[in-house]
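Here's the structure we're looking at; comments come further down.
Please treat every number below as a calculation from the coordinates, not as lab data. It should be emphasised that the depicted structure is a prediction, and the values quoted were computed from it without experimental measurement. Glycine gets a Cβ as well: all are built from the backbone with ideal geometry, and neighbour counts include every protein chain shown.
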Amino acid sequence: MVGRLRILSGMVLACAAIASHSGVLARAIAASSEPLDRQLATIETGHQLVVGATDGDVSFGGYPVQLDGFSGIFGYASEVAYVIVVDGRASIEGTTAARGRMLLIRPFAAGISSERFDATRLQEALGEGGEAELAPDVLASLERLAAAQRRGMFLGRLAQTNFNVASLGSAEAEMGRRNRVGGAAVREARFAPPAPGIAIEQTIVERFLAALARGDTAASAQFLDPLPYGYSGPSNEGRQAREAMAAALIEAHDWSRFADAQADKAGEASWLVQGNGAQARIALRRTTEFAFVQSIEVAE
C-alpha cells in the first residue's frame with residue numbers, strides 16, 4: 001500500500017514567513033542538561049526543542065510520553081502538539097511513533113495519532129534557520145532518514161501531501177491563533193486531559209480565578225475574551241490591552257478568597273464561584289478555540 005508522506009516544514013521555516021507580521025522569529029532550541037520535563041513545560045508555542053539520545057518518561061501535551069532510544073523534536077503549534085521521532089520510539093497511551101513518524105496531540109483530549117513526516121522539508125527548515133550546530137547526531141540521522149524517504153518517493157512508495165502541522169493555514173492566521181491561545185496558561189488548559197466528572201469550562205473558570213488569586217497578570221489576561229480588544233491578528237496591542245485589564249482586575253478585589261474555590265454551573269455559559277465572604281459570577285464566550293472569560297461580577 002502506498003504511504004502518504006505528511007509534510008512538516010518545521011517551525012523555523014514557518015515562522016520565517018510569519019516574522020514580517022509579528023517581528024518575532026521562532027527558533028529551534030537544543031535541549032540542555034536541565035530536566036527535560038521542565039524544558040518542555042516552558043517551550044514557547046511555535047518553537048521546537050531538539051532532543052538527542054533519551055530514554056524514560058516525560059510529560060508533554062498533557063500526557064506522559066514514553067521515550068525509548070529517542071532522538072527528535074518536541075513542539076507546539078496553535079492547534080496541535082507534536083513529537084517528531086528521528087530515532088527510536090515515542091509512545092502515548094498505546095499510540096507509538098517510530099523513526100520517520102510523529103505523534104500528533106490535539107487539544108481538549110480530541111485524539112492522538114501517529115503520522116509520517118517529511119524529513120527533507122524538516123532538514124531544510126532547520127538548515128535555513130542556521131541550526132546546523134544544534135545537535136549533530138540528530139541532524140546526521142535526519143539526513144539519512146531524508147535520503148531513505150527520497151528513495152521511497154522515487155520508487156513510488158511514498159507521496160507528498162500539502163499538510164504542515166507547524167502552520168495550519170496562512171502564516172498570519174497561525175500567528176493570530178498563537179496570540180489568542182498560544183500562551184502558556186491557556187495552552188495548558190487546552191491540552192490538559194479533562195479530570196473525570198469535571199467539565200472543561202469549569203476548569204477554565206477555576207484556572208482563571210487561581211491566576212487572579214496569585215496575582216499573575218500574564219496568565220489572567222490570556223483567559224480574557226480577546227474580542228473587545230481587537231485581538232484577532234498578530235498585533236501585540238490586544239495582548240497589552242488585555243494585560244492592562246487583568247492588572248486592573250487583580251487590584252480591584254482580594255482574589256485570594258477564591259484561590260481554592262469550586263465553580264458551579266449557573267447557566268448555559270455562566271459559572272458561580274463561592275469564595276470566602278464573596279461570590280463571583282463568570283460568563284464565558286465559547287469559540288472553536290477556547291471558552292474565554294467574557295465578564296466577571298463580584299458580590300462582597
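Give me the extension gain from R214 to T95: residue separation times 0.36 nm, minus the current Cα-Cα distance, reported in nm with one decimal.
Details: separation 119, 0.36 × 119 = 42.84 nm, distance 3.72 nm.
Value of the extension gain: 39.1 nm.
Set the Förster radius R0 to 41 Å, insert the Cβ-Cβ distance between M153 and R38 as r into 1/(1 + (r/R0)^6), and round the FRET efficiency to 0.05.
0.60
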Alpha carbon centre of region 34-113 versus region 182-250: separation in Å? 24 Å
Using 0.36 nm per residue of separation minus the Cα-Cα distance, give me the extension gain between Q262 and S113 in nm, one decimal. 50.3 nm
For region 55-65, in order, what is each residue's ³J(HN,Hα) by Karplus, 6.51 cos²θ - 1.76 cosθ + 1.60 with θ = phi - 60°, in whole Hz (x at glycine and Pro)? 10, x, 10, 9, 9, 7, x, x, 10, x, 10
Net charge around G52, counting only other residues with Cβ within less than 9 Å of its Cβ (Lys, Arg = +1; Asp, Glu = -1)? -2
